[in-house]
Amino acid sequence: MIKYDVIVIGAGPAGYVAAIRCAQLGLKTACVDDWLNDKQQSALGGTCLNVGCIPSKALLESSEKYADTKTGLEKHGIGVDNTTLNLATMMARKNKIVSELNQGVAGLFKSCGVTSISGRGFLKNKNTVEVSDGKNNSNKLNINAKNIILAPGSKPAEISIAPVNNKTIVDSAGALSFNEVPKRLAIIGAGVIGLELGSVWHRLGAEVVILEAMEEFLPMADNQISREALRTLKKQGLNIKLGAKVLSAKESDELVSVAFETNKGKQTETFDKLIVAVGRKPNSANLFNQDSGLKINAQGFIDVDEHCYTGQENIYAIGDAVRGPMLAHKGMEEGVMAAEIIAGQSGRVNYETIPSVIYTHPEIAWAGKTEQQLKTAGIEYKSGSFPFLASGRAKAAGETGGLVKVLADAKTDRVLGVHMIGARCSELIGQAVIAMEFGASSEDLAMTMFAHPTLSEAFHEAALAVDNRAIHMPNSKK
Ligand code: FAD
Ligand code: NAD
């Protein structure tokens with residue numbers, strides 16, 4: 001007998017949002033998730049809530065406050081003697097935030113009627129999920145549904161030259177729980193995790209060396225923004241080595257010795273800790289029967305179309321386990337889309353306007369096309385940018401680093417991309433996404449009134465600069 005309308009496997013941001021939206025739409029929904037916390041209790045929210053977005057942002061906020069109190073307040077005329085760091089308290093605060101939000105998701109499930117099942121789900125056939133306790137594969141229970149949404153998420157990628165031992169060599173989860181500040185910290189990978197967690201530990205006092213294999217820094221961002229970010233982060237003291245090939249990482253005497261090669265030759269350096277942050281892999285193994293008809297590509301992503309439909313009747317897959325950027329908000333919107341399609345509505349995700357944010361200080365944020373993408377695609381565009389140095393509010397806040405850049409189609413003036421580096425850009429980028437979602441032109445933005453004095457005015461001025469009419473800076477003759 002079919003018991004549920006929908007079973008969701010995975011309660012990360014993609015899965016729990018899908019389950020809530022299904023329940024809101026009147027579908028009888030169960031969500032199976034195998035995440036357990038240190039106390040071996042179910043902890044809903046997946047990677048994002050337990051060892052990702054939330055705990056990393058808690059530590060980014062705390063470490064920024066610490067660094068500001070130590071040195072950043074002097075320019076405001078505020079002297080603080082004897083700033084101390086209690087790392088245990090900082091970690092306890094982070095853990096409390098995570099646990100409150102775990103309970104928050106459980107509460108949301110309860111209030112909208114989602115049945116939460118703790119255990120590991122395996123899709124036996126198109127209507128049956130077998131749930132085991134996840135540890136010894138025992139206590140199996142079969143549950144049935146008309147529709148299935150797979151949201152198993154992802155896990156850190158591993159490299160054989162630096163195997164994680166959870167002591168000296170850790171992945172991103174381990175790097176959120178150090179019980180003391182490492183004196184010397186190495187990170188493999190100058191991607192989003194490397195830069196965010198590198199910033200946390202550097203602010204708390206670690207000497208940080210980041211080893212990045214590629215010669216190019218943040219290739220997914222607009223080149224101008226990447227250059228500005230590299231200059232700023234290096235100036236802050238992050239030792240970012242590009243084109244660095246890691247040869248080996250070995251533990252010795254509770255330290256880790258890392259051999260790597262750059263254009264200056266081979267070197268071996270000793271660190272207290274090494275974080276491996278070289279990307280993430282989809283959790284698509286041991287999830288469904290081989291004869292299910294579901295396909296996995298060479299990188300392990302479950303094949304889906306633009307509606308997250310797998311091509312197999314009534315089976316959808318969403319979040320980090322499918323193509324596209326591995327971002328919580330992308331997975332959440334896919335969860336809403338899958339639920340609405342199952343309920344007979346016309347769900348949609350606009351993959352053209354997914355915002356990306358790197359929560360360093362200053363923050364790096366963008367949406368839409370970069371200049372290099374527009375050039376490669378042969379699209380003619382106009383560009384306008386505005387530096388925070390010329391913003392009254394940025395000056396008042398002592399946050400004059402960075403800029404906002406607006407790219408608009410040369411013929412139609414439609415905004416094609418917005419790129420920023422500066423304070424609070426994680427919030428400012430939302431304005432750009434709304435504009436792009438509504439198909440705004442740079443003229444539309446130019447004609448919009450922004451409150452003064454705000455950081456948002458930099459976005460307004462960048463849109464004005466597209467047509468050479470910024471007010472608070474001299475315009476370049478075009
Ligand atoms: P997940 O969050 O990975 O959740 C999947 C869930 O399914 C997990 O609970 C897993 O245990 C469970 N599961 C898997 N297989 C099964 C099974 N067979 N049966 C039962 N349960 C199963 N993204 C952002 O957008 N912003 C950020 O600031 C950000 N910061 C991050 C910081 C760090 C350190 C990391 C590691 C990631 C960060 N991310 C961030 C990425 C974000 O965490 C992921 O994109 C997001 O969690 C993906 O959501 P998901 O639901 O697809 O998968
Ligand atoms: P990433 O893909 O952002 O960066 C990995 C980096 O490691 C790349 O620059 C890559 O060139 C480098 N690399 C790979 N192998 C290497 C090697 N052997 N030696 C040296 N360098 C090597 O991946 P990540 O930083 O691990 O993050 C994983 C995912 O989590 C990303 O997709 C990201 O979207 C997501 N995430 C998002 C946020 C956010 O939205 N703020 C924060 C953290 C993580």
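Quick notes
- Highest average packing first - 73-79, 322-328, Cβ atoms within 10 Å: 322-328, 73-79
- Summary of the geometry: segment 313-380 and segment 401-445, compared by the centres of their Cα atoms, lie 17 Å apart.
- Under 20 Å from the ALA285 label point (7 Å along Cα→beta-carbon), backbone N, segment 35-52: 35-36, 47
- Separation of the THR71 and PHE450 label points, Cα + 7 Å toward Cβ, nm: 3.0
- Structural descriptor for segment 353-466: relative contact order 32 percent, calculated from alpha carbon pairs under 8 angstrom and at least 6 residues apart.
- Mean Cα-pair separation over length for the chain, i.e. relative contact order, pairs under 8 Å, 6 or more apart, %: 14
- Reduced Cα scattering model of segment 244-306, Debye log10 I(q)/I(0), q = 0.13 Å⁻¹: -0.61
- Solvent-accessible ranking of THR370, THR448, THR454, largest area first, probe 1.4 Å: THR448, THR454, THR370
- Measuring nothing but protein heavy atoms, the accessible surface of segment 353-466 at 1.4 Å probe radius is 56 percent carbon and sulfur.
- Once all protein chains are placed together, SER116 keeps about 60 Å² accessible to a 1.4 angstrom probe.
- Projected-area mean, the chain, by convex hull of Cα positions, square nanometres: 25.7
- Accessible area of segment 137-233 belonging to carbon and sulfur atoms, whole % at 1.4 Å probe: 51
- Ligands, DNA and RNA excluded, the heavy atoms of ASP171 present near 30 Å² of accessible surface to a 1.4 Å solvent probe.
- Euclidean distance between Cα centres, segment 55-91 to segment 12-38, Å: 37
- LYS375, LYS330, reordered so the largest accessible area comes first (probe 1.4 Å): LYS375, LYS330
- Nearest-10 value in Å² for the accessible area of ASP5, using the 1.4 Å probe: 30
- Where the chain is the region considered: accessible area per residue in Å², 1.4 Å probe: 47
- Solvent-accessible ranking of TRP366, TRP35, largest area first, probe 1.4 Å: TRP35, TRP366
- Share, in percent, of DSSP beta bridges within the chain that are antiparallel, nearest 5: 65
- Counting only DSSP beta bridges whose two residues both lie in segment 169-278, roughly 50 percent are antiparallel.
- Along each principal axis, taking the top coordinate minus the bottom one, the Cα set of segment 353-466 gives 39, 29, 21 Å in descending order.
- Remark on the chain: CYS22, CYS31, CYS112, CYS308, CYS425 stand apart, with no other cysteine beta carbon under 4.7 Å.
- Prolate/oblate/rounded call for segment 169-275, Cα gyration tensor, a/c under 1.5 rounded: oblate
- Packing order of peptides 22-31, 290-299, highest average first: 22-31, 290-299 (average count of other Cβ atoms within 10 Å over each peptide's residues).
- Percent accessible area from carbon and sulfur atoms, segment 32-110, protein chains only, probe 1.4 Å: 53
The values are calculated or read from the model by the stated rules, or taken from the named source; none is laboratory data. All figures in this text were calculated on a predicted structure; none of them were measured in a lab. All Cβ positions, glycine included, derive from the backbone under ideal geometry; neighbour counts span all protein chains shown. These area figures cover heavy atoms from the full protein model, side chains too; ligands, DNA and RNA do not enter into them. Shrake-Rupley method; radii C 1.70, N 1.55, O 1.52, S 1.80 Å.
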